[in-house]
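The values are calculated or read from the model by the stated rules, or taken from the named source; none is laboratory data. Here the structure is a predicted model, which is why all the values come from computation and not from measurement. So basically every Cβ, Gly included, is an ideal-geometry build from the backbone, and we count neighbours across all protein chains shown. Please note that ligands, DNA and RNA were not included when accessible areas were found on the heavy atoms of the full protein model with its side chains. Shrake-Rupley method; radii C 1.70, N 1.55, O 1.52, S 1.80 Å.
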Amino acid sequence: MFGIDFGFDEPEPDLEISQKESPREKRRPFEVTYKVYHPDDIQKQQDELIDEVNMILDLKKEDAAILLRHFRWNKERLIEDYMDRPKKVLEEAGLGPRTEGPPTLQVIPGFVCDICCEDETGLLTFAMKCGHRYCVDCYRHYLSQKIKEEGEAAHIQCPQDGCKRIMDSKSMDLLVASDLNNRYHELLTRTYVEDKNALKWCPAPDCVNAVECKIQKRDLDKVVPTVACDCGYRFCFGCILTDHQPAPCDLVKRWLKKCADDSETANWISANTKECPKCNSTIEKNGGCNHMTCRKCKHEFCWMCMGLWSEHGTSWYNCNRFEEGSGSDARDAMAKSRVSLERYLHYYNRYANHEQSAKLDKDIATKTEKKMVQLQSASGLSWIEVQYLNLASQALQTCRQTLKWTYAFAFYLARNNLTEMFEDNQKDLEMAVENLSEMFEKPVGELADVNLRVDIMDKTSYCNKRRVILLADTADNLANGVWTFNGDYNGTD
């Protein structure tokens, strides 16, 4: 969780970390510094800021909270502006002209509610400090609509037309039931996170944590800020999409748009079946591994390029590279268009294949625990000793995710020596993943063999190592601005 650290334009309060920082002294080039916060941490931060403003400006806590929300929790700017022009700041924040005394529930003889026109005896009424009074039932209906239907909390104003007085938390405590009050405070917490550039909610379903990362929007072309929530979900802090290293956010946006625009062309590519290049029998891919063996003629080939599998472990391996061919010699627009399409299909095919393989690997991963239990029973190994299968499963999914985005990245790269090095790293990682994937899918009986176990652990470690090498090299070049991209990435697509 360490890496490039970018500062803020505006000062931010010190935040308490909810997880310990890694003890590593040297940060990897593709990692960024970030912190994860749980709901209690977020509430504590708000309370501390409110207490500070309350003490410095001698305001009620509920008023200090409204002021801080108006200034998007920038304590320094609030204090500076308040010292210069207190009345104007209060009015702009919704704490303007007011009557004496705190808001209270009252029964006022002869009172007629301007909303429902009720004037019954003993009618309970309420007014904020602005003095605009309505019956409690109308107020509660108004607040329920604002909170439940509109999702509003921080900027709920007095029901009186033209009045900008903001509803404070103490008034809310007097008026609404606990369930609605709890929702009100949940929404206030959401605005706290959403108002701060350094904080974002974890996008994982049902996760209530927030992540802080001091990455500036202007630096997103130099770094891919991948963070990991305590819930285990990895995502890009810049665009909130699932981890897409090594591709920058803008490149990812362009790639996804291109894929959507060309979806009809791409549909047939992502089909689950192909024909055996030797006997033309239909082959279905039912695992993450790309090493295919035809059941009919036993021909072994690569699912990606349909080439001989025997060549994929040798120097002849070239599956990851797109051969430019005679694209530059195309004599007419049709030929150029065809070469352009073939180039796109080359990269999309491999991108989609790793996406599909990752899903298949994930399906297999859901069965990993069962396989671990079976292996433990068959071999007499302890639960700790069979964890290597879980580590291999995690490595496969993580490396597949990285490989998937390397093809989107490669599509936009201009051809040069750096591209050759990138493709070499890509090829090494891809071969390592295929080797591990093939071994991971072996039956439990074979997995009990001690030599195979050691081999899987070695290959898991090697996969992780190759991934780090690829990401570190790519991130270094990205941060230093030495990559050269083709016209598609420069906006001529």
(request) Scan segment 1-57 residue by residue and report those that are of a type in the set (D, E, K, R), within 30 Å of SER169 (Cα to Cα) and modelled with pLDDT of 50 or more. (result) LYS35, ASP40, ASP41, LYS44, ASP47, GLU48, ASP51, GLU52
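Determine whether segment 176-198 contains at least one residue that is out of contact with any strand residue (DSSP E or B) (no Cβ under 7 Å at 6 or more places or on another chain), over 24 Å from VAL36 (Cα atoms), in a helix (DSSP H, G or I) and open to solvent by less than 10 Å² (accessible area, probe 1.4 Å).
The answer is no; no qualifying residue exists.
Quick one: is ARG218 under 10 Å from the mean Cα position of the chain (by Cα), within 29 Å of GLN426 (Cβ to Cβ) and among the basic types (Lys, Arg)? Spell out the reasoning first.
Working: under 10 Å from the mean Cα position of the chain (by Cα): no; within 29 Å of GLN426 (Cβ to Cβ): yes; among the basic types (Lys, Arg): yes.
Criteria not met by ARG218.
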(request) Please state which of the following conditions HIS155 fails to meet, knowing it meets all the rest: (1) in a loop (DSSP other than H, G, I, E, B); (2) at pLDDT below 90. (result) (2)
(request) Could you tell me which of the residues ARG415, ARG453 is among the basic types (Lys, Arg), open to solvent by 70 Å² or more (accessible area, probe 1.4 Å) and touching an Asp or Glu at 6+ places or on another chain (Cβ under 9 Å)? (result) ARG415
(message) Take GLU420 and tell me if it is in contact with a strand residue (DSSP E or B) (Cβ under 8 Å, 6 or more places away or on another chain) and either of a type outside the set (A, V, I, L, M) or surrounded by fewer than 18 Cβ atoms within 10 Å (Cβ to Cβ) (or both).
(response) no
(request) Among the residues of segment 229-264, write down those that are outside any helix (DSSP H, G or I) and open to solvent by less than 20 Å² (accessible area, probe 1.4 Å). (result) CYS229, PHE235, CYS236, PHE237, ASP243, HIS244, GLN245, PRO246, ALA247, PRO248
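Taking into account only those residues within segment 160-171 that are of a type outside the set (Gly, Ala, Ser) and surrounded by 20 or more Cβ atoms within 10 Å (Cβ to Cβ), which is nearest to HIS70 (Cα to Cα)?
Filtering segment 160-171 for residues that are of a type outside the set (Gly, Ala, Ser) and surrounded by 20 or more Cβ atoms within 10 Å (Cβ to Cβ), the one nearest to HIS70 (Cα to Cα) comes out as ILE166.
Residue-by-condition table, conditions (1) open to solvent by 40 Å² or more (accessible area, probe 1.4 Å); (2) farther than 19 Å from ASP243 by Cα; (3) not in a helix (DSSP H, G or I):
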residue: SER437; (1), (2), (3): no, yes, no
residue: GLY445; (1), (2), (3): yes, yes, no
residue: LEU470; (1), (2), (3): no, no, no
residue: ASP476; (1), (2), (3): yes, no, no
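Residues checked against (1) closer than 29 Å to LEU478 by Cβ; (2) in contact (Cβ under 8 Å) with a residue 60 or more places away in the chain; (3) of a type in the set (Lys, Arg); (4) open to solvent by 40 Å² or more (accessible area, probe 1.4 Å):
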position	(1), (2), (3), (4)
THR368	no, no, no, no
GLN374	no, yes, no, yes
ARG400	yes, yes, yes, no
PHE411	yes, yes, no, no
(request) Kindly list the number of the only condition in (1) farther than 30 Å from TRP383 by Cα; (2) buried (at least 20 other Cβ atoms within 10 Å of the Cβ) that fails for ALA432. (result) (1)
(request) Identify the single condition in (1) over 15 Å from CYS289 (Cα atoms); (2) part of a helix (DSSP H, G or I); (3) in contact with a Lys or Arg (Cβ under 9 Å, 6 or more places away or on another chain); (4) aliphatic (A, V, I, L, M) that MET372 does not satisfy, given that it satisfies every other one. (result) (3)
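Condition check ((1) under 23 Å from HIS312 (Cα atoms); (2) of a type in the set (D, E, K, R)) across all residues:
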position	(1), (2)
PHE411	yes, no
GLU423	yes, yes
LYS427	yes, yes
GLU434	yes, yes
LEU447	no, no
ARG466	yes, yes
ALA475	no, no
GLY481	no, no
(message) If I filter segment 394-401 for residues that are in a helix (DSSP H, G or I) and either touching a strand residue (DSSP E or B) at 6+ places or on another chain (Cβ under 9 Å) or farther than 22 Å from VAL224 by Cβ (or both), do I get at least one hit?
(response) yes
(message) Take the conditions part of a helix (DSSP H, G or I) and under 28 Å from the mean Cα position of the chain (by Cα) and apply them to ASP424. Does it pass?
(response) no
